[in-house]
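Reading through the structure tokens given below for one structure.
The values are calculated or read from the model by the stated rules, or taken from the named source; none is laboratory data. Here the structure is a predicted model, which is why all the values come from computation and not from measurement. Ideal geometry is used to build each Cβ from the backbone, glycine not excepted, and the neighbour counts take in all protein chains shown. Side chains are part of the model used for accessible areas, which takes the heavy atoms of the whole protein and leaves out ligands, DNA and RNA. Shrake-Rupley method; radii C 1.70, N 1.55, O 1.52, S 1.80 Å.
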Amino acid sequence: MIDYLWLVPALPFLGFLILTFFGKKLSKNAISFVGAGSVGLAALLTIIIGIQFLLSPPEGNFFNQKLWTWMSVGGMSPSIAFHLDALSLIFIFVITFVGFLIHVYSTEYMLEDEGFARFLSFMNLFVGSMLVLILADNLALMYLGWEGVGLCSFLLIGFWYKEPANAAAARKAFIVTRVGDTAMALGLFLLIVNFNTLNIQEILHTAPSQWTAGNSTAVWIAFLLLGGAVGKSAQLPLQTWLPDAMAGPSPVSALIHAATMVTAGVYLIARNHVLFELAPSAMSAVAIIGAATLLMAGFAAIVQNDIKRVLAYSTISQIGYMFLALGVGAWSAGVFHFMIHAFFKALLFLGAGAVIHALHHEQNMFKMGGLRKELPIVFWTFLAGSAALSALPLISAGFYSKDAILWYAWSSDKGSLILWAAAFFGAFVTSIYTFRMVFLTFWGKMKTHVHIHLGNAMQVPLIVLAVLSILGGFIETPHSLGHITLFSGFLNPVLPEVQLNHGGEFTEIILQIVTALTGFLGIFLAWHFWYKKPAMVYNFKQTSLGTGLYKLWLSGWAFDWVYDTLFVKPFIKLSQINKDDIVDQLNIGLAGLVNWLHSLVKKTQNGNIRWYATGIAIGLVITLTIVLFL
Amino acid sequence: MTMNKLITTQDLMQLMPFILMLAMPVILLIIIAIKRNHLFTWLFTLATFAAVLVTVITNFNQAPLNIALLTVDKFSLLYTGVFAIVGLVITLLSHDYLEKTSDHKEEFYLLLVFATLGSSLMVASNNFVSLFLSLEVLSVSLYSMIAYLRNQDRAIEAGLKYLVLAAMSSAVLLFGIALVYFETGVFSYTLIGTKLGQIGFTPYMVAGFAMIIAGAGFKLSVVPFHWWTSDVYQGANSPVTSFIATVSKGGMVGGMIRMFTLINGLENHSVVLVLTVIAAASMFVGNILALQQNNLKRLLAYSSIAHLGYILIAFISFGNGGTQAATFYLVAYFATTLGAFGIISLLSTPEGEAENISFYKGLYWRKPVLAAFMTLVMFSLAGIPLTSGFVGKFFVATSGVKADLWVLLFFLAVNSVIGVYYYLRVVVMMFSNKDNSPETIQCGKGISSGLIALVFIALMIVYLGVYPSGIMDLIQKSIIN
Amino acid sequence: MNTIPVEQSLLLAAMLFVIGLIGVLSRRNVILMLMSVEIMLNAAGMAFVVAGSRWVQPDGQVMFIFILSMAAAEVSVGLALILQMFHINKSIDTKTLGKLHD
Amino acid sequence: MLIVFYLAAIVAIVSTILAVTRSNAVHSLLYLIVSFLASAVVFFVLGAHFIAALEVIVYAGAIMVLFVFVIMMLNVGSETEIAEKKWLSIKTWGGPAILSLVLFCELAYVVLTKESLPGSEAIVTPKEVGISLFTQYVLGIEIAAVMLMSGIVGAYHLAQIKKKSKHRFLGGEE
């Protein structure tokens, strides 16, 4: 069965082709069948391959399948080849399985949309590209998948392109991530130059013998790759695109902007962990970025009104946890959190989507409320997801994954008290904003009428994901709770174990209890402020400090504003042509610079033939001057 | 100088692709003089290009032929073959277009074949004399092609602008050749290369090269010799514009590759410096000019300046797989550009060319297939993976990496980002609101010949993007030693 | 017979070349612009003849003949274009060639 | 011979300058013909007798007559002349002149880097040129023939003036 690995990405691509070319002619049922079925088959195949991989691991614990040589130039010959090991297996499992559930959900959610076929075809294309990104055995193919998912993200954020804001959000996402991509492309080129090969495994094997830790080239490469990861995974300082990306339909947010694509950065770092281990400063940077991002996004999430924006900031924050784990060398803990996060965050987005769907595109939480009785299944599953997000002890999968990260942030040889404190405080904030969301949405008075009854296609995926969000954690538990290490044991051949430095089992238990208690404290505060006595929050918001904090956090720590001041304002003084608003200042600023140049250069194309002839003559003189005198 | 050997039958067979492009139009000319018939002329032209392609394929594995002015080797045959394919596509596109716009249609095909011949000969030239002559065959045919719709003032304007500036550049090129000839006493590239090895890069030589680069730069439309590009692209009709963007530039790139390979002209640092400056300036100026452009033909003109800048990067990293990369990029760019102009000419009506970007607003709702093609083309131009544009850029970057051209590569990366912006702008436009799109506009009913050409182009773009090895092997084989 | 220093002949060619360039850059009348281009081409041809006489080869002269034929072809097309331009614009001023621009 | 050369050179330069500066098109043309005749003398002195003859017959004779013909045909009389006169102020030709001067200096620099070469006295006869043309460069003749043919086809097509055109594109505005 493992020989059919190529079918896993091929099936979604096939679905994409069918839907693109025949989408208009097929009935809605057939479209649903093709769209969800292709991913479903891929998921099934992945599970079979996974079982086979577990029962009889291939030699060397990896499987390589080469299809054909893509291109060959100057001794470099990247091929269309797939590399399957424990790490990529986990990723493709999550992508196909969660992807399948989201596809099923979409067949109901998007059914009435006129672009139904287009939507599913883009989703299929995305799944295919994502699988290529994960399975690629060389950097070129990986880059292909990397760009492919970026493209699909662009297409899907702007899916409802009739709203200009959506198109703008799509472009913002594409261009901001493109900044990271450029860094990554440079990193890849550095790798190519140094190793003269594109094969990832070869590079990872050669690197430790070629460089010692701290080698400056290795550091450069690690930082450039980190740049790509930061862009794709919406970490500081390139996180600004993700909240705007919520303009896309909810299943898109669930699949691309929560479960899979945004974690590509995590995958990139985990996959190239050898390089990062050779660059300790880059490792620290990963940890610090993770810690800073998780706190920053956590606070921003507390004040958002739009339910999807809360989840967007929460995603940024949770990926921050994964980065923190990677940064302290707890590779498998990071990947574990990725998997659990994919379950519960997809669940939350789908739940939010169901609420939005039922309330006829109402996204403001303050206009919701009391939905507990109206949408019981959504409520209970959403509650399960929230429990996992805020890491309620014992009964939620999120507890086990996040607890591991907190513990390693403390105990790893790269960990420290500060990192732990950040993660700990972040967990506290997480439970506040999570349950603020729950209370605002499902408790209180009903403010908007429920329009639509949800069908099975939307409810079953919610239930499956809820079960996984509860039970998924039991495959990896801490010392105090049985010490099951199925997950990290499985990953061990690929990712090394974390180096522990300080702290024993006793400390671990103490920390767990402290964390668990603060989680409950957070829930209590959320209940108190947003259910019991909302006036308190309202009053605080009226004070100057409150208003300031509110505005600061609402705008996501005013990053758009900072970029504005750093890049845009000096430029405005120069050109005085930029009179635009606060949002999108980064793009407008850089674009403004280029546009200013454009208006300058444009004047040279004035249609006057004498001017053109003069231009050529000047060019000739310059050319001659260079060759003769330089 | 004992190269004046007699031309044998065998030689004639090897020259067959060129002879065909010379003889068939002459026959056609006589036929036109007797009776005009557009359809017949069109089919005859298609047959001409097809025959050229066949002879190219049959001759491909022959040993290289070196006669007085021309070298017919794999390299020149490869280019000739590619030009013939492009010629075929342009002929396919031209039929419908001319049918709806022009009164006398037949001469166009003569000029098209002549111009293609000029480009093919330019690549086959082993000598400055034939380089100049074939360049002029190309240019003189182009003047008339650009102004072909002679009742439009914009066609005439474009033709005159091109003529005056091209003639001026030819004079510059000639003066450069004269300087080189003055110093070496020979015209043949190989002999100049030998001589250069003895005397080194004297001021005469570098000044000569600089002027040759300036003259060639005009045809390639690289900064600062790019001024004509947008006006001519806009003024000429779309099939001609696609010819200028592809065959005309391709001939010059091929000719320059052969010239610099045989002369070893890139061993001088100041020549490399000039090319570097030109490449960097072309990338930036081209992309910046394209940024807010609302006329699609002008946008493509500016983007072509940038793309030639990318090709120059490969050109500069010569021995490091650069020539192959440049050739591949050219082929990939041909496919893409033909697609873009093909769509424009299919959408054009006797009332005007479909060149204003607002015309494409909501195109998806009117012409979903054409919009899908255009999306593919724009993605390829932007260098998005699985399209020919991406692979081309990848090859260029790889050769640049090997030649340690870090600054240029950095510029390439920056410019790719800028490029994405305006290419996506077109895509976004096409998928924008259904309601405010212009009224439905007619284009050919049923399966027009242009549509066949477009399908072929789309397949090429994807083929080159997914399986470039096929073409690349061919290019590797036909490298000049 | 005094021999003529070749550099001086080459300088003459260069001189004529740049005078032609002045003409191209400063004339407004398209016909005169085309004429100035002819001056430049003639100057380039002269450079070939000079070089040919330096090496005592016929090649330079052959090149001149080719330049001549090129100039003829160019002028014929150019003048045809100018006729059309006059027909459309009623003027041969380059100023009327400004409809295509950014 | 040297004196003839210098005389011819001075005549060529002066008449060329006059050709590019006269406001009357016919005057310019006549000066240009003088310039070409002077060039023919230079060619003769350089030993290129055949080219000297061609310069007179083809350049000064045929090509310039084409120009004369077109100028006469268009009959763009005094209006153009006055406009041109106004136009040709120092502001107009000052920039181009400086640019051209710089270019000339660079070319002169190139030419003068070489120590003086003795000019050859040998004359390249028309026969040698003919032999070279029809052996070594015979393919070049073919290519030039194609060039001329496409020039003729183009000129024929473009010079036709049709009173009424069925399809006329709208203006060239963006």
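Here are a few things to note about the model shown:
Condition check ((1) within 10 Å of chain D (Cβ to nearest Cβ); (2) of a type in the set (Phe, Trp, Tyr)) across all residues:
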site: B:Leu69; (1), (2): yes, no
site: B:Asp96; (1), (2): no, no
site: B:Tyr109; (1), (2): no, yes
site: B:Ala115; (1), (2): yes, no
site: B:Val123; (1), (2): no, no
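- Whichever residue in the stretch A:3-22 is open to solvent by 10 Å² or more (accessible area, probe 1.4 Å) and of a type outside the set (A, V, I, L, M, F, W, C) and, among such residues, is nearest to the chain's Cα centre (by Cα): A:Thr20
- When residues of the stretch B:191-224 are limited to those that are surrounded by fewer than 24 Cβ atoms within 10 Å (Cβ to Cβ) and facing chain A (nearest Cβ under 7 Å), the one nearest to B:Asn66 (Cα to Cα): B:Val206
- Residues satisfying the criterion are absent from the stretch A:275-289 (criterion: at pLDDT below 90, outside the structural domain of A:Tyr400 (by TED's automatic domain parsing) and over 24 Å from A:Gly187 (Cβ atoms)).
- Scanning the stretch A:597-630 for residues that are assigned to a helix (DSSP H, G or I) and hydroxyl-bearing (Ser, Thr, Tyr) gives A:Ser599, A:Tyr612, A:Thr614, A:Thr623, A:Thr625.
- Close pairs from the stretch B:31-43: first in a helix (DSSP H, G or I), partner open to solvent by 90 Å² or more (accessible area, probe 1.4 Å), Cβ under 8 Å, at least 6 apart: B:His38/B:Glu99
- Lone unmet requirement of (1) open to solvent by less than 10 Å² (accessible area, probe 1.4 Å); (2) of a type in the set (A, V, I, L, M); (3) over 21 Å from C:Glu7 (Cα atoms) for D:Leu30: (1)
- Lone unmet requirement of (1) more than 12 Å from chain C (Cβ to nearest Cβ); (2) open to solvent by 40 Å² or more (accessible area, probe 1.4 Å); (3) under 17 Å from B:Val172 (Cβ atoms) for A:Leu597: (3)
Here is a yes/no grid of residues against (1) surrounded by fewer than 24 Cβ atoms within 10 Å (Cβ to Cβ); (2) touching a Leu at 6+ places or on another chain (Cβ under 8 Å):
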position: B:Leu12; (1), (2): yes, no
position: B:Leu15; (1), (2): yes, yes
position: B:Phe18; (1), (2): no, yes
position: B:Leu46; (1), (2): yes, yes
position: B:Phe49; (1), (2): no, yes
position: B:Asn61; (1), (2): yes, no
position: B:Pro64; (1), (2): yes, no
position: B:Thr116; (1), (2): no, no
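- Positions within the stretch D:42-59 being modelled with pLDDT of 90 or more, in contact with a helix residue (DSSP H, G or I) (Cβ under 6 Å, 6 or more places away or on another chain) and small (Gly, Ala, Ser), in sequence order: D:Ala48, D:Ala52
- Selection from the stretch A:431-446 of residues that are of a type in the set (Lys, Arg) and open to solvent by less than 20 Å² (accessible area, probe 1.4 Å): A:Arg436
Residue by residue, here is whether (1) part of a helix (DSSP H, G or I); (2) of a type in the set (A, V, I, L, M, F, W, C); (3) closer than 17 Å to B:Ala214 by Cα; (4) within 7 Å of another protein chain (Cβ to nearest Cβ) holds:
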position: B:Leu92; (1), (2), (3), (4): yes, yes, no, no
position: B:Leu112; (1), (2), (3), (4): yes, yes, no, no
position: B:Gly118; (1), (2), (3), (4): yes, no, no, no
position: B:Ser141; (1), (2), (3), (4): yes, no, no, yes
position: B:Ser144; (1), (2), (3), (4): yes, no, no, yes
position: B:Ala158; (1), (2), (3), (4): yes, yes, no, yes
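- Of the residues making up the stretch A:447-500, those that are part of a loop (DSSP other than H, G, I, E, B), within 28 Å of A:Phe379 (Cα to Cα) and modelled with pLDDT of 75 or more are A:His453, A:Leu454, A:Gly455, A:Thr477.
- Residue within the stretch A:112-130 that is within 30 Å of A:His361 (Cβ to Cβ) and among the hydroxyl-bearing types (Ser, Thr, Tyr) present: yes
- Of the criteria (1) open to solvent by less than 50 Å² (accessible area, probe 1.4 Å); (2) facing another protein chain (nearest Cβ under 9 Å), which one D:Ala60 fails: (2)
- Among the candidates B:Tyr189, B:Tyr148, residue that is within 28 Å of B:Ala301 (Cβ to Cβ), under 25 Å from the mean Cα position of the chain (by Cα) and among the aromatic types (Phe, Trp, Tyr): B:Tyr148
- A single member of A:Phe428, A:Phe349 is crowded, with 24+ Cβ neighbours inside 10 Å, assigned to a helix (DSSP H, G or I) and not aliphatic (A, V, I, L, M), and it is A:Phe349.
- Residues (of a type in the set (A, V, I, L, M, F, W, C), in a loop (DSSP other than H, G, I, E, B) and either touching a Leu at 6+ places or on another chain (Cβ under 7 Å) or at pLDDT 85 or above (or both)) located in the stretch A:224-247: A:Ala234
- Among the conditions (1) within 22 Å of A:Phe174 (Cβ to Cβ); (2) touching a His at 6+ places or on another chain (Cβ under 7 Å), the only one that A:Ala259 does not satisfy is (2).
- Residues of the stretch D:63-80 satisfying the condition of being surrounded by 17 or more Cβ atoms within 10 Å (Cβ to Cβ) and over 20 Å from B:Met168 (Cβ atoms): D:Ile71, D:Leu74, D:Val76, D:Thr80
- Matching residues in the stretch A:206-223 - criterion: being in a helix (DSSP H, G or I) and either touching a residue at least 24 places away in the same chain (Cβ under 8 Å) or within 14 Å of chain B (Cβ to nearest Cβ) (or both): A:Ala207, A:Pro208, A:Thr217, A:Ala218, A:Val219, A:Trp220, A:Ile221, A:Ala222, A:Phe223
- Hits in the stretch C:70-87 - residues which are open to solvent by less than 20 Å² (accessible area, probe 1.4 Å), within 26 Å of D:His49 (Cβ to Cβ) and within 7 Å of chain D (Cβ to nearest Cβ): C:Met70, C:Ala71, C:Ala73, C:Val75
- When the stretch B:233-248 is filtered for residues that are more than 8 Å from every other protein chain (Cβ to nearest Cβ) and either in a helix (DSSP H, G or I) or surrounded by fewer than 24 Cβ atoms within 10 Å (Cβ to Cβ) (or both), the ones remaining, listed by number, are B:Tyr233, B:Ser238, B:Pro239, B:Val240, B:Thr241, B:Ser242, B:Phe243, B:Ile244, B:Ala245, B:Thr246, B:Val247, B:Ser248.
- When C:Pro58 is tested against (1) more than 14 Å from chain A (Cβ to nearest Cβ); (2) under 17 Å from the mean Cα position of the chain (by Cα), only condition (2) is not met.
- Output for the stretch D:94-146, where each listed residue is of a type outside the set (A, V, I, L, M), closer than 18 Å to C:Met15 by Cβ, modelled with pLDDT of 90 or more and open to solvent by 50 Å² or more (accessible area, probe 1.4 Å): D:Cys105, D:Tyr109
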